[in-house]
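The values are calculated or read from the model by the stated rules, or taken from the named source; none is laboratory data. Given the structure is predicted, the values throughout are model-derived calculations rather than measurements. Neighbour counts are summed over all protein chains in view; Cβ atoms, including those assigned to glycine, are modelled from backbone coordinates with ideal geometry. Only protein heavy atoms, including side chains, enter the accessible area calculation; ligands, DNA and RNA are left aside. Shrake-Rupley method; radii C 1.70, N 1.55, O 1.52, S 1.80 Å.
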Amino acid sequence: MGTLTNKTAVVIGASGAQNFGSAIARRLAAEGANVVVAARRKEPLEALAKEIGGLAVACDITDEDQIQSLFDSALKEYGNVDIAINSAGIHAAGLIDDLTADQIRPTLEISFVGALLFFKWAAKSMAHGGSVVTISSLTARIPGPEMAVYAGARSGIDYAIKVAAVEYAAKKVRFNSIAAGLIETDMTAPFFGVGPLIDAFVADTPAGRMGTVDDIAEAALYLADETRSGFVNGQLLDLSGGQQMGHLPRL
């Protein structure tokens, strides 16, 4: 019996073959949780839900009605929600001088507006308290070129978790964020094809290696589990092998 037995977790952004959301969903299920997996693409979600014995719900995080329906589905299926993980995101790169409003808005809609609405409905569904975790990025505090949109949105939600921790204190809902370094996923795979870039990252990382999706999953389990992290709230957890103490690699 795992430490999350009889707990229910909702994980959004879990449709990738290799991404943070799917790795987290597997780890929480292995610890005994009922897991509801969500993303825009239903087909890969259903395969993951079958694998872990969970529930798949299609949800676009930019649509508040769909977010509400996601949590309603979790409550209908399992009766309670104790954990909510926001792993939804898209990569956006571009020099500020070249940006247009249409290039900026999609990232803000997913990584900031959608995240706040996810927080809202997650907390509403947690009748007995719970844990809300969002996945952020090392780049939210360590600047690099072409990262204004992506990192700016992540930085905004990192601050919002602190506000949420205060606002939902009476409901005993905790909010924390994981600031991930560069880790290979479906989204970041192209970067890992550039050998000098990865070599530079490893050289600038005190841990001496790149992170993995399993590292993220273990961190999410820690923050999700009341017995492990019940006194951790409004916290930004760096998961970058110590690279947060330095700077992004400069080739």
Residue within the stretch 2-10 that is part of a loop (DSSP other than H, G, I, E, B), under 17 Å from residue 223 (Cα atoms), among the hydroxyl-bearing types (Ser, Thr, Tyr) and open to solvent by 20 Å² or more (accessible area, probe 1.4 Å) present = yes
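Quick grid of which residues meet (1) closer than 25 Å to residue 211 by Cα; (2) open to solvent by 30 Å² or more (accessible area, probe 1.4 Å); (3) of a type in the set (S, T, N, Q):
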| site | (1), (2), (3) |
| --- | --- |
| 18 | yes, yes, yes |
| 37 | yes, no, no |
| 41 | no, yes, no |
| 55 | no, yes, no |
Only one residue in 88, 84 is surrounded by 15 or more Cβ atoms within 10 Å (Cβ to Cβ) and either part of a strand (DSSP E or B) or modelled with pLDDT of 95 or more (or both), so which one is that?
-> 84
Would you tally the residues in the stretch 225-242 being out of contact with any helix residue (DSSP H, G or I) (no Cβ under 8 Å at 6 or more places or on another chain) and of a type in the set (Val, Ile, Thr)?
-> 1
Some residue of the stretch 114-135 being under 14 Å from the mean Cα position of the chain (by Cα), at pLDDT below 95 and open to solvent by 10 Å² or more (accessible area, probe 1.4 Å) = no
For the stretch 192-251, how many residues are more than 24 Å from residue 85 (Cα to Cα), without any contact (Cβ under 8 Å) to a residue 24 or more places away in the chain and touching a strand residue (DSSP E or B) at 6+ places or on another chain (Cβ under 9 Å)?
-> 0
Kindly indicate whether residue 137 is among the polar types (S, T, N, Q) and over 19 Å from residue 69 (Cα atoms).
-> yes
Mind listing just one residue for me: the one in the stretch 20-35 that is within 15 Å of the chain's Cα centre (by Cα) and of a type in the set (D, E, K, R) and, of those, least open to solvent (accessible area, probe 1.4 Å)?
-> 27
Condition met for residue 68 (modelled with pLDDT of 95 or more, open to solvent by 60 Å² or more (accessible area, probe 1.4 Å) and part of a helix (DSSP H, G or I)) = yes
